[in-house]
Structure formats: C-alpha cells, structure tokens
Amino acid sequence: MSSSPPSPQPAQSQPSLDRGLGLKEAVALNMIEIVGIGPFVVSSLVIKAMGGPQALIAWLAGALLATLDGFVWSELGAAMPKAGGTYVFLREAYGPGRWGRLMSFLFVWQTLIQKITAIGKISVLLWIGVVGTMLWLIWGGVRHFDPKLAFDFPPGAFQFSSVWFAGLGAAMVSTIYSYLGYYNICHLGGEIREPEKNIPRGIFLSIAGITILYLAMQTSFLGVVPWREAQNSPFLASLFVERLYGHAAARFATVMVLWIAMASVFSVLLGYSRVPYSAALDGNFLPVFARVHPTKHFPYVSLLFLGAMSFAFSLTLKLKTAIAAILAMRLLVQFIGQAVGVILLRRRLGAEKLPFKMWFYPLPAVLTMFAWGWLFWHTGSVRKWGLLEIALGVIAFLVWTRGMRQWPFAKPL
C-alpha cells in the first residue's frame, strides 16, 4: 500500500519570488487593472442599457457588489498569501484531493482561455498616468458641468419593473467588468509584504478610490454630452474632451486612454502569470511554467505565454461579446466558487485561524453568490460558452490526470 507522494517543490537552484510589494504598490496594481479601458468604452453601453442618467445606479451597484466580494477575497487572500491567488484558494477550500484539484485546474484553464520591487515602481508610475488622466477628465467636467444635461431623466427612469431590472442587469455586466481587478494583489500574494494586513487594505482602498473616480467621471460625461447622444458614441471620452478643448486635446485623450490600457495589461499579466506558475509548482500543470527568471525573479514563461494568448484573443471578439464572455467564464468557477469556498474553509479551519475575518459573516459571501448568479444569467446567450468552457475544462482535467498517473509527482484521485 503506497502513500501519496509529496507535492513538488522548486529545485534548490530555482530562484523564488520576492516579497517586495507594500501597500502603496498593492493599491497601484489593483487600481490600474481595475480601470483599464473599461470605464471609457462601456460608458455608452451602460447609458443605453439603462436609458438615461440613471445609468449611475449601475455604477453604484457594481461598486457595492465589488465591496461585498472584496470581503471574500480579503479573507482568503490574508489566510493564503501565495502566488496564484484563486488557484490556491480553490485548491485549499475544496480540499487538495479530488474537488480541490478539479476546481483549481478549471481556474488555470479559464486563465489560459481569456485573456518584485522594480515591478512595484513601474506600477506606481503607470498608476500616476491612470489617475492623472481621470482627474483631468473630471476637472474638465466640473468646470463645464450642466446639471440640466446630467440629470435629464426620461419618463419612467425609476419605474422599478421587470424591464427596468433587466436593463440594470445588462448594464451591470459592463460596470462590474470595469471594477474587476480589485483582487489582483491576491494573485501576487507571494510577493506582498505583511499580506495579512496589506491584502485586505489594498482591496478596500482600491475599490473606494475607483468608485469615487468612476462616479465623478461618469457624472462629468453626462454633464457635458447629452445622454441621448452619449449612448451611441463608442468613443465617449474622446467626444467629451473634444467638446471641451477641441480636436488636439481629443487626440491627447486617446493617447492617455492607450496609456491606461497598457497599464491595465501590465497589471493583469503580472497577476495571472502567477496562476500557471503556482499550478506548475503544485504538479497540476506543465512543469515549464514553474520557471522563474534567474535575476528578475518572475515567472517569465507563464508571463510570455499569457501575453501571446491575450493578444490572439483580443483580435477575435467584439467588445460587448468579449465582456460578457469573460464574465460568463469566470462567474461560476472563480467568483461563486470562492464564495462557497470561503464558507467551506471556515468550517474546516475555524474563524480563529484566519488573519482577516469578513464582517457579518456569512452575509457578504451569500449575497455575492446570488448577485454573481444573477449576472451570469444576464450575460445572455454567451453564457453557453461559459458552460462549454467548464465542460471542456473538466475533460482536459480528466485527460491530464490520466496522463499524470505515470509522473513522479502525480496525486491519486
């Protein structure tokens, strides 16, 4: 009767990750991933879905959901500050045997499908560009703000019918997409100093900061460009700047949005490159992904591979479809999976062993389960692709584990 072999460990000569990121860098990395180009390209979609300035409700609702889910991420991130974030959370919450291996593998699978000290300095520089651009837009809106435009509510704007909530659901698919990233530092948990403090603080500070900026910026847009025109403008930020300062300023605004897009890609790839890396260390993915750069101390194989995959997928999907597809892929496995997982982890470990404990447990976790499920439904017809991806992931997992039975690090199912 043989015993289960231990999980693989990095070779002695293999460099490890450095805990070189503090609270400042954590907030910067979160915020630059959250912003991306989301609030600039989905603003018109949100206004159209809600049918007027009441679109601000969808931005508030997205912030509320992000805050509730932030408690789940904070509890898990503080308890397990390791590279890979969700990969580690799902593995440990569902148990490192059958279900934990399957859930964590599905997360690696979805990561491949969608889209450190020196790094911390770069993130702060990019963050300055992101926040500076948003403040510039907000300042322009404040100076030229027309309340009659901003609050030109159409008849029935607050008639809370089934149609109204259907519009809210469609709008929140876009707004919550624009908030995603408040958890990015959890994937870099192995590189955060004092993670039991800095991970929860970084999550909530970034959500609070981005919420204020988003609401101010969206209100500025509505106060300059009439919403009936704004809802049909795919480049609302550029149109907004052009109305205020002319064509040259609009071109500059476009350049700054590209800066923001670059900053977001930088942060996203940094975080998600740690997922295949962590899985490879665990013997649950190709060993080549466990390689760390000998001098810069980052998982360079994983980073390069995900960068190439992201570029390929960015060329194949339209914006609205891409947003809904990304959410449909992630809601079931990652977000609902973690909300259930944090409850399972509490039952197994006990709350006394957790460095951070969510307020009013388990209410935030339960509310996020229902909210994510509701949003999954409102992703529309693309939700079938999310379900198909999970099915293909299960098949890939079964094929992978069958082949792994011959490997020295294989774990029996």
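The values are calculated or read from the model by the stated rules, or taken from the named source; none is laboratory data. These numbers were taken from a predicted model, which means no experiment stands behind them. Backbone-built Cβ (ideal geometry, glycine too); neighbour counts: all protein chains shown.
If only one of A58, A78, A93 is under 25 Å from L239 (Cβ atoms) and either at pLDDT 75 or above or in contact with a Cys (Cβ under 8 Å, 6 or more places away or on another chain) (or both), which one is it?
Only one candidate passes the filter, namely A58.
Among the residues of segment 361-389, what is the count of those that are within 19 Å of I199 (Cα to Cα) and of a type in the set (F, W, Y)?
Here the count works out to 1.
Taking F107 as the residue in question, decide whether it is aromatic (F, W, Y) and at pLDDT below 85.
Yes: the conditions hold for F107.
Please tell me if S267 is farther than 27 Å from R402 by Cβ and either assigned to a helix (DSSP H, G or I) or at pLDDT 85 or above (or both).
Details: farther than 27 Å from R402 by Cβ: yes; either assigned to a helix (DSSP H, G or I) or at pLDDT 85 or above (or both): yes.
Here the answer is yes, as S267 does meet what is asked.
Determine which member of the set G341, G386, G337, G373 is part of a helix (DSSP H, G or I), under 20 Å from the mean Cα position of the chain (by Cα) and surrounded by fewer than 21 Cβ atoms within 10 Å (Cβ to Cβ).
G373
Is it true that I210 is β-branched (V, I, T), part of a helix (DSSP H, G or I), modelled with pLDDT under 85 and out of contact with any Asp or Glu (no Cβ under 6 Å at 6 or more places or on another chain)? Spell out how you get there, then give the answer.
Working: β-branched (V, I, T): yes; part of a helix (DSSP H, G or I): yes; modelled with pLDDT under 85: no; out of contact with any Asp or Glu (no Cβ under 6 Å at 6 or more places or on another chain): yes.
No: the conditions fail for I210.
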